[in-house]
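> So that we are looking at the same thing, I have put the structure below in structure tokens.
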Amino acid sequence: MALTETWIKPEDTATPAALSNNFSFPHSPRLTGRGGGTGLLISNDWKFNPLPSLGINSSFESHSVTVTYPLKIHFVVVYRPPGPLGNFLDELDVLLSTFPEDGTPLVMLGDFNIHLDKPLSADFHTLLASFDLNRVSTTAAHKSGNQLDLIYTRHCSTDHVLVTPLHTSDHFLLTLNLNMVPDTSLTPPHVIFRRNLRSLSPSRLSAMVSSSLASPKLLASFDANSATDTFCSTLTSCLDTVCPLSSRPARTTPSAPWLSDVLREHRSKLRAAERVWHKSKNTTDLNVYQSLLPSFSANVSTAKKTYYHNKINNLSNSRMLFKRFSSLLCPPPPPPASSLIADDFATFFINKIKNISALFSTPQSIKHISQTNIHSFTSFSSLSEAEVSKLILSNHPTTCPLDPIPSHLLQAISPAVVPALTHIINTSLHTGVFPSSFRQARITPLLKKPTLNPTLLENYRPVSLLPFIAKTLERAVFNLVSTFLTQNNLLDSNQSGFRSGHSTETALLSVVEALRLARAESKSSILILLDLSAAFDTVNHQILLSTLLTKGISGTAIQWFESYLSDRSFKVSWRGEVSKSQHLTTGVPQGSVLGPLLFSVYMASLGSVIQKHGFSYHCYADDTQLYLPFHPDDPSVAARISACLTDISCWMKDHHLQLKTELLVVPANPSFHHNFTIKLGTSTTTPSKTARNLGVMIDDQLTFSDHIAKTVRSCRFALFNIKKIRPFLSEHAAQLLVQALVLSRLDYCNALLAGLPASSIKPLQLIQNAAARLIFNEPKRIHVTPLFISLHWLPIAARIKFKALMFAYKTSTGSAPLYLNSLLQTYVPSRRFCK
């Protein structure tokens, strides 16, 4: 039971004692003056931890606890006296930021003295929405008929909400049920295999590989497959010799990475001393234990600082910093408990592809298709050893189980392997044969969301892993083919995926500005998002090869692509076991270097179908957005949309792709409401209020309120995690982490927020303020302007303007995508002055 206005004074111990007869009563009294006070009555059967106060708030009182048994849940009781809001929103933001969004349920309730029907409550609603807090609907809870007592929840549902008048108070009693399910799943132990790579000397491995590889003369007599197999087997045998595999039981919880052998020995002595004291209850034993404790704590603190300093300060790449930070604070969870085995996943994934492919007819062979492009690309040029070495060293060293040796080791011994690898790559390019051992993939199933049922196969996403050497060969081909396609303008100009100078932000900027321009002209707009089911996996090889042929790719080059696509297979790894091999007859490999480029070529002819109906469009990889401005009273819009989607559906069917659509209608002004449905075959589609597009939530009023709230939630979670290790970070390391994990989120597609009112972007500014204070370890009320100056940070509004100006500059200098030119109009003064 949550209580507000307890009127318990700090010196009053009798009342809390009386309330604690059958319950625990953690509470926070008002320190000065009359009234006030908050607390909770908690069953003695429950275990809980009161949360420390963050300081005295000037605008409200609160008390927070975390229940740890029988379920984990946070409770926050709030009492805000009547009157102006003052610093209430800022102080409430600081309080709620202490609760991470890690799936733990949160209940905030109390007497807020805020009238929900007044304009004053708008910012209050926005703040709570940014924390993903949902209000529990109740009737009036005050005798005046107002809803002053409010309940907000996150990650839990409620029912049986009752409001009961009380004779002793002008506030009513609110009761409800919270619906939560305890997590009783247990993960069975499993065995892992590993190599002690820390003890491996790369120079020793390099010398052994150099002496074991086949001679250049012998290697030249091998075809691409034999040379590849010999090369990989030699690398594997050398690694097994110098660093053999060993097995051990997997830990249920990861070991603290900063614990050294010295610290472990010190910890063992400390625990032994603690056990002796607990057993004897002797003062001498207690003194021994207490004498060991400070030195151990100091050593642990020093080890943590050194560990985080070495891990973070040596990284300048934001992507690597993000990955390293996630692995430190958010290690991957153990596999969920279920009876599924690897073959179950393999069968499910292959059947899903077969079921979609079975819906379409077999296309004609590429032998009946002639080249229609005046430009030709018939063969690949040879690569030098220097070019191959650059490819190896410039790639991120991702490693999969199919690699003969870990990728970082391959890079470390690259001088020893570059000659042989150059021969393999050039042999593959000249003969048009992609090595068969590179056509295998290893798939790891990942649960799409932690809240999904882990026993259902459809809740898993296949993550494909490919050999590093195979991706090196793919990158060589990618560089040659993409240069040919770009120089001859054979790629869709409205395709922003995987092109230099293009990004998701430039693609979205083009679409959103078109919607805003239409609204400025008192026109409504329809935005259609095309979603493809298993798009990469259902690409038909014959159609793809014929499309490449029409682009001018023929001869040995088309033979190489045919070899690259044929006879591919995959196995699923799950809990230490590997499934049977499954043969693939469709699709471009996910996780590959060439996959996105080939898919872009595959989709290139869709643009002409869309433009035929007067629609504009933009693509980013397999995400396509169609948009059409129209007059609000135009009666033909629904028919035009249906006709366009019908032709798109036919094109998708001809290209063996399964289509799903999502509609968003942006009215000419907020008072307009377009009530129409779109029929596509036997299905009916109705417009939605919001749509997720390339990581941005777009709403039908273009306020981006849902996107801002989502961004704020993810940033808060990152700040909460950084705060855990802030005592062990230097100021510079903390700044690196905040810039990589928080500012990158605040800056993502922020050009779309240009023109929004200051109240809309205020939640983002609060996050930036909290980030600056965290870097310098400053209290929550200190002014942030000096901190921003020291960090060389612009405030949120200025960062948005800076991004817009940067795009304007790049557009004017020709370094931005061509489709942004229409958004920039050169100013011509109406009056000209003559000298």
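> Residues that are closer than 21 Å to Thr538 by Cα, at least 1 per element: which strands (runs of 3 or more DSSP E) completely within region 620-686 meet that?
Working: elements: 623-630, 658-666, 678-680, 683-685.
Once the strands (runs of 3 or more DSSP E) in region 620-686 are filtered for at least 1 residues that are closer than 21 Å to Thr538 by Cα, what remains is 623-630, 658-666.
> Only one residue in Leu529, Leu548 is surrounded by 18 or more Cβ atoms within 10 Å (Cβ to Cβ) and within 16 Å of Glu474 (Cβ to Cβ). Which one? Quick ask: steps written out before the conclusion?
On the way: Leu529 fails: within 16 Å of Glu474 (Cβ to Cβ).
Exactly one residue qualifies, and that residue is Leu548.
> Looking at region 121-144 only, could you name the residues that are over 27 Å from Leu166 (Cβ atoms) and either open to solvent by 50 Å² or more (accessible area, probe 1.4 Å) or hydrophobic (A, V, I, L, M, F, W, C) (or both)? Even if it seems obvious, please write down each step before you answer.
Step one: of region 121-144, the residues over 27 Å from Leu166 (Cβ atoms) are 122-123, 125-127, 129-132.
Listed by number, the residues that qualify are Ala122, Asp123, His125, Thr126, Leu127, Ala129, Phe131, Asp132.
> Could you tell me whether any residue of region 670-693 is among the hydroxyl-bearing types (Ser, Thr, Tyr), crowded, with 19+ Cβ neighbours inside 10 Å and touching a Phe, Trp or Tyr at 6+ places or on another chain (Cβ under 9 Å)?
No, the conditions are met nowhere in region 670-693.
> Does Thr538 qualify as being among the β-branched types (Val, Ile, Thr) and surrounded by fewer than 22 Cβ atoms within 10 Å (Cβ to Cβ)? Show your work before the answer.
Values: among the β-branched types (Val, Ile, Thr): yes; surrounded by fewer than 22 Cβ atoms within 10 Å (Cβ to Cβ): no.
The answer is no for Thr538.
> Still on this structure, please answer the following. What single numbered condition from (1) open to solvent by 30 Å² or more (accessible area, probe 1.4 Å); (2) out of contact with any His (no Cβ under 9 Å at 6 or more places or on another chain) fails to hold for Ala518?
(1)
> For region 197-227, which positions are of a type in the set (Gly, Ala, Ser) and not in a helix (DSSP H, G or I)? Talk me through it step by step, then tell me what you get.
Step one: of region 197-227, the residues of a type in the set (Gly, Ala, Ser) are 199, 201, 203, 206-207, 210-212, 214-215, 220-221, 224, 226-227.
Of everything in region 197-227, those that are of a type in the set (Gly, Ala, Ser) and not in a helix (DSSP H, G or I) turn out to be Ser201, Ala214, Ser215, Ser221.
> Here is a check on your reading of the model: is Thr444 closer than 30 Å to Ile341 by Cβ and among the polar types (S, T, N, Q)?
Numbers: closer than 30 Å to Ile341 by Cβ: yes; among the polar types (S, T, N, Q): yes.
Judged against the criteria, Thr444 is a match.
> Kindly indicate the residue of region 263-313 that is among the small types (Gly, Ala, Ser) and under 26 Å from Lys724 (Cα atoms) and also surrounded by the most Cβ atoms within 10 Å (Cβ to Cβ) among those meeting that condition.
Taking region 263-313 as the starting set, the residues that turn out to be among the small types (Gly, Ala, Ser) are 268, 272-273, 280, 291, 295, 297-298, 301, 303.
Among the residues that remain, those that are also under 26 Å from Lys724 (Cα atoms) are: 268, 295, 297-298, 301, 303.
On the way: Ser268: 10, Ser295: 11, Ser297: 11, Ala298: 10, Ser301: 13, Ala303: 18.
Checking each candidate, the answer is Ala303.
> Name the one entry in Thr104, Thr98 that is β-branched (Val, Ile, Thr) and open to solvent by 20 Å² or more (accessible area, probe 1.4 Å). Reasoning before the result, please.
Values: Thr104 fails: open to solvent by 20 Å² or more (accessible area, probe 1.4 Å).
Result of the check over Thr104, Thr98: Thr98.
> How many residues does region 458-480 hold that are touching a Pro at 6+ places or on another chain (Cβ under 9 Å) and either of a type in the set (Gly, Ala, Ser) or more than 20 Å from Gly591 (Cβ to Cβ) (or both)?
Of the residues in region 458-480, 2 are touching a Pro at 6+ places or on another chain (Cβ under 9 Å) and either of a type in the set (Gly, Ala, Ser) or more than 20 Å from Gly591 (Cβ to Cβ) (or both).
> If you go through region 145-156 one residue at a time, do you hit one that is under 26 Å from Lys449 (Cβ atoms), open to solvent by 50 Å² or more (accessible area, probe 1.4 Å) and in a strand (DSSP E or B)?
Looking through region 145-156, none of the residues is under 26 Å from Lys449 (Cβ atoms), open to solvent by 50 Å² or more (accessible area, probe 1.4 Å) and in a strand (DSSP E or B).
> Can you tell me which residue within region 795-823, out of those that are surrounded by 14 or more Cβ atoms within 10 Å (Cβ to Cβ) and among the aliphatic types (A, V, I, L, M), is farthest from Ala514 (Cα to Cα)?
Looking at residues that are surrounded by 14 or more Cβ atoms within 10 Å (Cβ to Cβ) and among the aliphatic types (A, V, I, L, M), I get Ile796.
> Taking region 167-213, which residues are touching a Gly at 6+ places or on another chain (Cβ under 9 Å) and either at pLDDT 80 or above or open to solvent by 60 Å² or more (accessible area, probe 1.4 Å) (or both)? Walk me through it before giving the result.
Residues of region 167-213 that are touching a Gly at 6+ places or on another chain (Cβ under 9 Å), as a first pass: 190-193.
Answer for region 167-213, where residues must be touching a Gly at 6+ places or on another chain (Cβ under 9 Å) and either at pLDDT 80 or above or open to solvent by 60 Å² or more (accessible area, probe 1.4 Å) (or both): His190, Val191, Phe193.
> Something else: Pull out all pairs, ordered by first then second residue, where Cβ-Cβ is under 6 Å, the residues are six or more apart or on different chains, the first lies in region 68-83 and is within 11 Å of Trp46 (Cα to Cα), and the second is open to solvent by 40 Å² or more (accessible area, probe 1.4 Å).
Hits for this filter: Thr68/Lys47; Tyr69/Lys47; Leu71/Met180; Leu71/Pro182.
> Those residues that are out of contact with any Lys or Arg (no Cβ under 6 Å at 6 or more places or on another chain), assigned to a loop (DSSP other than H, G, I, E, B) and either under 17 Å from Leu3 (Cβ atoms) or touching a residue at least 60 places away in the same chain (Cβ under 8 Å) (or both), I need them from region 168-182; list them, please. Outline the logic, then answer.
Going residue by residue through region 168-182, those that are out of contact with any Lys or Arg (no Cβ under 6 Å at 6 or more places or on another chain) are 168-169, 171-182.
Retained after the next criterion (residues that are assigned to a loop (DSSP other than H, G, I, E, B)): 168-169, 172, 180-182.
Those that are out of contact with any Lys or Arg (no Cβ under 6 Å at 6 or more places or on another chain), assigned to a loop (DSSP other than H, G, I, E, B) and either under 17 Å from Leu3 (Cβ atoms) or touching a residue at least 60 places away in the same chain (Cβ under 8 Å) (or both): Thr168, Ser169, Phe172, Met180, Pro182.
> Name the single residue, out of those in region 694-733 being out of contact with any Phe, Trp or Tyr (no Cβ under 9 Å at 6 or more places or on another chain), touching a residue at least 40 places away in the same chain (Cβ under 8 Å) and in a loop (DSSP other than H, G, I, E, B), that is most open to solvent (accessible area, probe 1.4 Å).
Out of the qualifying residues, it is Thr703.
> Could I ask something else about it? If you take the residues in region 12-28 that are modelled with pLDDT under 80 and either open to solvent by 90 Å² or more (accessible area, probe 1.4 Å) or touching a helix residue (DSSP H, G or I) at 6+ places or on another chain (Cβ under 7 Å) (or both), which one is nearest to Val67 (Cα to Cα)?
Asn22
> Out of all the residues in region 16-32, is one or more charged (D, E, K, R) and under 35 Å from the mean Cα position of the chain (by Cα)? Write out each step before concluding.
Of the residues in region 16-32, the ones charged (D, E, K, R) are 30.
From what is left, the residues that are under 35 Å from the mean Cα position of the chain (by Cα) are none.
Looking through region 16-32, none of the residues is charged (D, E, K, R) and under 35 Å from the mean Cα position of the chain (by Cα).
> If you check Leu31, Leu85, which single one turns out to be under 21 Å from Arg781 (Cα atoms), open to solvent by less than 60 Å² (accessible area, probe 1.4 Å) and of a type outside the set (Asp, Glu)?
Numbers: Leu31 fails: open to solvent by less than 60 Å² (accessible area, probe 1.4 Å).
Answer to the check: Leu85.
The values are calculated or read from the model by the stated rules, or taken from the named source; none is laboratory data. None of the values given here were measured: they were computed from a predicted structure. Please note: Cβ atoms are built from the backbone with ideal geometry, for glycine as well, and neighbour counts cover all protein chains shown. Please note that ligands, DNA and RNA were not included when accessible areas were found on the heavy atoms of the full protein model with its side chains. Shrake-Rupley method; radii C 1.70, N 1.55, O 1.52, S 1.80 Å.
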